[in-house]
There are 2 protein chains.
Amino acid sequence: MTITTTDPASGITTDTGIEETTDDQVARITAAAAAAFEHLRGTSRVWRAGLLRALADGLEADRTSLVATAAAETGLAATPRLDGELTRSAFQLRLFAEAIEEGGYLEAVIDHAGDTPMGPGPDIRRMLVPIGPVAVFGASNFPFAFSVAGGDTASALAAGNPVVAKAHSSHPLTSKASFDSLNGAGAAYGAPAGTIGIVYGQRAGARVVADPLIAAVGFTGSLGTGRILLDIIGERERPIPFYGELSSLNPLIVTSAALAARGAAIADGLFASFTGSAGQLCTKPGIAFLPRAATEILDAMVTRASAAAPQPLLNERIHQAFGEIRERLIEEGRAESLVAPHSGDDGFSMSPAVLAVDAADLTEAVTEEAFGPLLVIARYDDLDEVKAALKAIPHSLTATIHAEEHEWEALGPVLSELEDMVGRLVFNGYPTGVRVSWGQHHGGPWPATNTLHTSVGVTAIRRFLRPLAWQGAPETRLPEELRDDFTGIPRRVDGVLRLATLLK
Amino acid sequence: MTITTTDPASGITTDTGIEETTDDQVARITAAAAAAFEHLRGTSRVWRAGLLRALADGLEADRTSLVATAAAETGLAATPRLDGELTRSAFQLRLFAEAIEEGGYLEAVIDHAGDTPMGPGPDIRRMLVPIGPVAVFGASNFPFAFSVAGGDTASALAAGNPVVAKAHSSHPLTSKASFDSLNGAGAAYGAPAGTIGIVYGQRAGARVVADPLIAAVGFTGSLGTGRILLDIIGERERPIPFYGELSSLNPLIVTSAALAARGAAIADGLFASFTGSAGQLCTKPGIAFLPRAATEILDAMVTRASAAAPQPLLNERIHQAFGEIRERLIEEGRAESLVAPHSGDDGFSMSPAVLAVDAADLTEAVTEEAFGPLLVIARYDDLDEVKAALKAIPHSLTATIHAEEHEWEALGPVLSELEDMVGRLVFNGYPTGVRVSWGQHHGGPWPATNTLHTSVGVTAIRRFLRPLAWQGAPETRLPEELRDDFTGIPRRVDGVLRLATLLK
């Protein structure tokens, strides 16, 4: 069977000519990944940093065609949206190259043999080593930065693992073009065959997760699909780590004082944040707590949403679910429709929707994540109502609060509540536009993610590493980074952290 | 219903007078833990280091009665075994106190706002924060160091979390005495009520794992019980991390050259390692690959095992399973019995058993973990046979190799194979006697553990922490450790690792 692709702007489906990957092909692709792992695990950090930079250069060389392909498959704007996303993919690869050159990510520890309160202790040395071939399931909404050329691939390769990506059904041609770009640049750099693989079709994706040669799974997508993959992992003879980024409502709170001080700017920011990329960002604020008395910002949301033109959603499923979830919020969550969305003439376009509830009436029925340009406004009279209402909101990737300097102390209880619920707390800003940096954390308690890990930022590399300890090992059998006279990376030696003394 | 306890040396069961914890009591205990968390999470690292040291002092003050209680319930020798284990528990608490004072475990990162290749980036600061109340399921074989007063409790408290321990059915009185000691010392130090809780009975343990107020589970025990707890977690509305240390065969390989150079010492070491604590250590070498031609070491194992007196096993279940597994190894694994074990006159005692197979005939049927003093010797002619046979051995906590200096290069392929299978590779030593230190790793690929984490060593604290990021936060809302002018812990600032400049 061949794979089709659909232009969300027109709704027209065409045949890509790409065949679904057969079971035999999956087995060959994972075997090639396993063979590549035997080579990659022995490569130096400097070599892998060079590989990541070669891949970044390759993506940028193919920028024009990649962006055009993605624009036709996703309906996202070529500029600045997709162009910026490609830049982000390349930036991420280069940042991870820096990180592995620096070497702190290895968490190297040396405990020399010696007397301890427990008697003589043997020499113990520990660091993180690559885990093995990684399956990567990208997201519909980020055809570059969270897909074949995205953060999971960059993390896995940085750690020293090959990747088997599953092409996304919403952007198979972009997946293929990304694979071709990475694979071509990798081969030119000297990466072994099998360093990056790709499979097409749902069955092939499931086979990859079940394959004994696969060591970990990175996934960005729905809670439902995440659970299906978790079930497959549960049936493996040897379960493997699954890193899922699954679902997020991202509550946002604005105080009266903040609105009084900068209401117009907050209206601009909030509208842009929930409608950008047609509201299809995992950090989109899905619910905003606004003071009931501050009617200007409510009016501003209504005015802007009513005037906004429809934007294409990524695919027919999202388009249909958007309408269904909105109806459920009204029927079961008893939300009031302030702005009803309308579809465009062609394809899967949709204009923004605004709903309202009273914070005091908020129930779990009104906190379902709606992928697309939909905002629920929860009107409140005082912040105790907000604190109580937060109990009905599922754990999320982010929470955001807008307040004035003099309010922070009084807001302590609300902020503590928010810290428990999320992986990132945003002050006087917006959750969308996730900075790729050393300290970023893009994760959160279930159902935001199923683990304690991040899929954005340098610590994302950690997902695809495992600790290994060597006891009493001869110098020649230790990785270079754990030898006594090596000082090129930060290490903890006999309990004391030491900086690298040689720069690369 | 009351809880009973059995002396493994006599087999005599007595009533402890302790009632099984009811569902209502479980709910009160987890609620107390949740209340304690609200206090503990706000405590300083210095305060918590003091708490850990107070608990260590308390255990040592109660040493005589704790050791006597454990000796009567476990059949393990009071000296040096249990006395040493109590020292280990206290040492572990003090080492973790040092670690949290040092502060590197927080993984603090500061990315200041600034221009990036992606445009202006917001201020992002990340560190690890306590996860919440932790359920601790201790092991039968370490009534102190892996039980109520063990590494999971030390890790959880160090991180800032309360603990709800489940008393072990094999040593309920030791569990209670440990709890009383910790709880008393904690209260005297000023820890809030609910910092440490305990429940009795299997049903109560299951209720704790299912309780929505519990945030993570630490478990040391069998694969079977581990799977039951994982199933309970799978049915929770919000699944939580489960850190299980489950099963391990711990292969050991000896080369001809090593035997020629120090055969007598290896015979001593191997015999002590598989029979120490009656073979009931999770790192016990369960299978030893020995050169077929080197008959002296085989003879030495047979002679010593035949002459050894029975030692009490921990409980009736282990005693019975030991015999059953040995029979399965002979029947299904086609192992040859070199030394048949014999029971003692009373209780659950058992003398060592030695079996043999040809490495070339090794199948998964002969690699079942037998808890107790049983060693399978796999005879080999050349190391290629060993490398092939390793494929039949389940992933383990450790692997051990004895060889001479000139052999390491030729052994490369075998060593690589071993590195893939385990969490710790021991050179010319023994896997038992796990050093508690900064670099220790006590974990391994499934089924050794179900995660990538360790339950021994300083990095065990990491299990009970989660990352949290603050974006654009006012200084007053940041944890002290993330403020600009704080320099008391190592931090990564704008990508550059910096050491602490103020020592406490």
(request) Among the numbered conditions (1) closer than 22 Å to residue A:111 by Cβ; (2) assigned to a helix (DSSP H, G or I); (3) not aliphatic (A, V, I, L, M), tell me where residue B:406 comes up short. (result) (1)
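For region A:385-400, indicate whether the set of residues that are in a helix (DSSP H, G or I), in contact with a helix residue (DSSP H, G or I) (Cβ under 8 Å, 6 or more places away or on another chain), on the phi < 0 side of the Ramachandran plot and within 12 Å of chain B (Cβ to nearest Cβ) is non-empty.
no
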(message) If residue A:89 satisfies all but one of (1) over 26 Å from residue A:158 (Cβ atoms); (2) of a type in the set (Gly, Ala, Ser); (3) more than 9 Å from chain B (Cβ to nearest Cβ), what's the number of the condition it fails?
(response) (1)
(request) Hey, could you check region A:104-143 for residues that are within 20 Å of residue A:470 (Cα to Cα) and among the hydroxyl-bearing types (Ser, Thr, Tyr) and say which is nearest to the other protein chains (Cβ to nearest Cβ)? (result) A:116
(message) Taking the conditions exactly as written (assigned to a strand (DSSP E or B), in contact (Cβ under 8 Å) with a residue 24 or more places away in the chain, facing chain B (nearest Cβ under 7 Å) and surrounded by fewer than 24 Cβ atoms within 10 Å (Cβ to Cβ)), does residue A:425 satisfy them or not?
(response) yes
(message) Looking at (1) within 8 Å of chain A (Cβ to nearest Cβ); (2) touching a Leu at 6+ places or on another chain (Cβ under 7 Å); (3) surrounded by 21 or more Cβ atoms within 10 Å (Cβ to Cβ), which one does residue B:440 not meet, given that it meets all the others?
(response) (2)
(message) Out of the residues in region A:482-496 meeting the condition of being within 30 Å of the chain's Cα centre (by Cα) and more than 9 Å from chain B (Cβ to nearest Cβ), tell me which one is surrounded by the fewest Cβ atoms within 10 Å (Cβ to Cβ).
(response) A:491
(message) Being assigned to a helix (DSSP H, G or I), without any contact (Cβ under 8 Å) to a residue 60 or more places away in the chain, among the hydrophobic types (A, V, I, L, M, F, W, C) and touching a helix residue (DSSP H, G or I) at 6+ places or on another chain (Cβ under 7 Å): is that true of residue B:325 here?
(response) no
(message) Show the residue pairs meeting these rules: Cβ distance below 8 Å; 6+ apart or different chains; first residue within region B:46-66 and within 18 Å of residue B:101 (Cα to Cα); second residue basic (Lys, Arg) and surrounded by 17 or more Cβ atoms within 10 Å (Cβ to Cβ).
(response) B:52/B:94; B:53/B:94; B:56/B:94
(request) Go over the candidates A:478, A:499 one by one and state the one that is more than 19 Å from residue B:463 (Cβ to Cβ) and facing chain B (nearest Cβ under 8 Å). (result) A:499
(request) Residue by residue through region B:21-41, note down the ones that are part of a helix (DSSP H, G or I), under 27 Å from the mean Cα position of the chain (by Cα) and within 21 Å of residue B:51 (Cα to Cα). (result) B:29, B:30, B:32, B:33, B:34, B:36, B:37, B:40
(request) Determine if region B:329-346 includes at least one residue that is assigned to a helix (DSSP H, G or I) and either free of Cβ contacts under 8 Å to residues at least 40 places away in the same chain or surrounded by fewer than 14 Cβ atoms within 10 Å (Cβ to Cβ) (or both). (result) yes
(message) Against the condition in a loop (DSSP other than H, G, I, E, B), at the interface with chain A (Cβ under 7 Å from one of its Cβ atoms) and hydrophobic (A, V, I, L, M, F, W, C), how does residue B:446 come out, does it pass?
(response) yes
(request) Kindly indicate whether residue B:146 is outside any helix (DSSP H, G or I) and either crowded, with 24+ Cβ neighbours inside 10 Å or within 13 Å of another protein chain (Cβ to nearest Cβ) (or both). (result) yes
(request) Test residue B:256 against the criterion of being touching a helix residue (DSSP H, G or I) at 6+ places or on another chain (Cβ under 7 Å) and assigned by TED's automatic domain parsing to the domain that holds residue B:397, and give yes or no. (result) no
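The values are calculated or read from the model by the stated rules, or taken from the named source; none is laboratory data. Since this is a predicted model, take the numbers as computed values, not measurements. A quick note on method: Cβ atoms are made from the backbone with ideal geometry, for glycine too, and the neighbour counts reach across all protein chains shown.
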